[in-house]
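Heads up: the structure comes next, in structure tokens.
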Amino acid sequence: MEAGLALDDIQPVYLPPADARAAFEGNQIDAWVIWDPFLSAAELELETKTIQDGEGLVANREFFLATDSFAGNEEALKIIKEELIKVDKWIEENPRDVAEFLSPEIGMSVEALEKTLNRKEYGLEEISNGVLDDQQKIADTFYHLKLIPSKINILDASADLKKQ
């Protein structure tokens, strides 16, 4: 690894975000690996120092999942994609409004949510062989680190792209 440490050099503790934050605040753990909006909240509310972010290390993506039967409904998927693009654009242009709406729903501060929304990348990306290659690298890393028990072939979950 970049800092010269291997996973065996540390003692990882796997906790859900709220428990990890409490452990971090209580000095029960020395470091915390977390994602937004929990990162934004910690940056705003705690005295922390970011040691490393994921930029250049991993492609951070979110995925929309469907059952095989629903995924076969091309008309519904077309409509959903069009609406997602509209909503995504609106969120990008109105992060404060979105943060104010979400804050009471998820129990996070408006400021933390707005910070998250302001640094988020917007837009939809089609699943491509490049996206699948990135996911395969992550799966291979997890297997190598013994975080998952067996190798995963990402293409097994991506039947439409196997033929490309």
Helices (runs of 4 or more DSSP H) wholly inside the stretch 85-164 containing at least 3 residues that are among the β-branched types (V, I, T): 129-144
Subset of the stretch 69-100 (residues that are among the acidic types (D, E), open to solvent by 60 Å² or more (accessible area, probe 1.4 Å) and under 15 Å from G123 (Cα atoms)): E82, E83, E92, E93
Filter pass, A59 being surrounded by 13 or more Cβ atoms within 10 Å (Cβ to Cβ), within 18 Å of the chain's Cα centre (by Cα) and under 25 Å from S158 (Cβ atoms): yes
Yes/no for V131 being in contact with a Lys or Arg (Cβ under 8 Å, 6 or more places away or on another chain), of a type outside the set (S, T, Y) and modelled with pLDDT of 90 or more: yes
Extreme residue, modelled with the highest pLDDT, among residues of the stretch 138-164 that are touching a Leu at 6+ places or on another chain (Cβ under 8 Å) and within 20 Å of T67 (Cα to Cα): I154
Residue pairs meeting the criteria (Cβ under 9 Å; at least 6 apart or on separate chains; first closer than 9 Å to P37 by Cβ and open to solvent by 40 Å² or more (accessible area, probe 1.4 Å), in the stretch 101-116; second among the charged types (D, E, K, R) and not in a helix (DSSP H, G or I)): K115/D36
Residue match in the stretch 144-152 (condition: open to solvent by 50 Å² or more (accessible area, probe 1.4 Å) and among the β-branched types (V, I, T)): yes
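The values are calculated or read from the model by the stated rules, or taken from the named source; none is laboratory data. The structure presented is a predicted model; accordingly, all values stated were derived computationally and were not measured. Heads up, the Cβs are rebuilt from the backbone with ideal geometry, glycines too, and the neighbour counts pull from every protein chain shown. Each accessible area value is taken on the protein alone, full model and side chains, heavy atoms only, with ligands, DNA and RNA left out. Shrake-Rupley method; radii C 1.70, N 1.55, O 1.52, S 1.80 Å.
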